[in-house]
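What follows is calculated from the coordinates using simple rules that are stated; it is not laboratory data. Worth saying up front: this structure is predicted, and the values here are computed from it rather than measured. Here Cβ is always computed from backbone atoms with ideal geometry, including for glycine, and neighbour counts include all displayed protein chains.
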Amino acid sequence: MLDVVSHDFSLGQDDSAAAVARRLQVLLERVASADKNAFSELYDEIAPRVFGLVKRVLIDHAQAEEVTQEVFLEIWQNAARFDASKGSAITWMLTMTHRRAIDRIRASQSSRDRDLRIGIRDFEPGHDGVAEHVEVSIEHERVARAMARLTELQRQAIELSYYGGYTNSEVAGILSVPLGTVKTRIRDGMIRLRDELGVTS
């Protein structure tokens, strides 16, 4: 198990943001060349932040550790795909982290839904809670379908805000976009979700 909480993560507390961003980019580029020392340095720099993001999404400590391991394996395997022209190294890694965490939530929900279907199939009639469970499952599927119809930018902003619990300012930092853009994406995305779900104000 990775020791994701033992490092004092300051990310260069005395450095400028630009210097930190540059250092992470250089480390990631060295990782792309299979530099194990660079990977170790990169891990020391960002592991607590990666783990913190995953923990905020998943809550469960053990699952957060597992997903953090998966994230660093993905960073090691896919560092060469990082394109500095499309954003900073930390944004690339935290976006990957968030997607991994959301994938775990979806996988867990899928497993729960499957267990629910099996339970309903094998359940003897007479339990008043069955209809309620079915309604919850159907509602989850409706929301998932509606989320899938949003643009990628809207979905990212909403997932970070509502699933990740981040403020609009924090979302702007993670996605490296202006605060006003984040507010617009969330507002437009929520309007579209309401339309897709048939919610009236």
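If each residue of separation counts as 0.36 nm, what is the full-extension length gain between THR95 and GLU141 once their alpha-carbon separation is subtracted?
Answer, rounded to one decimal: 14.2 nm.
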| What lysines sit close enough to LYS183 to cross-link, taking a C-alpha to C-alpha distance under 28 Å and skipping anything fewer than 8 places away on the same chain? | LYS55, LYS86
| Using 7 Å Cα-to-Cβ label points, what is the ILE105/SER169 separation (nm, one decimal)? | 2.3 nm
| remark: With x for Gly and Pro, the residue-by-residue ³J(HN,Hα) of the stretch 169-180, computed from phi through the Karplus equation 6.51 cos²θ - 1.76 cosθ + 1.60 at θ = phi - 60° and given in whole Hz, is 5, 5, 4, 4, x, 5, 8, 6, 10, x, 4, x
| message | When the expected Rg is taken as 2.2 N^0.38 Å, what fraction or multiple of it is the alpha-carbon Rg of the stretch 49-89? | response | 1.33
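When the chain is fully extended, how far beyond the present Cα-Cα distance does ALA148 get from GLU29, taking 0.36 nm per residue of separation?
On the way: separation 119, 0.36 × 119 = 42.84 nm, distance 3.27 nm.
Residue separation times 0.36 nm, minus the Cα-Cα distance, leaves 39.6 nm.
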| remark: Under the 7 Å Cα-to-Cβ spin-label approximation, LEU179 and ASP44 lie apart by a distance in nanometres of 3.5 nm
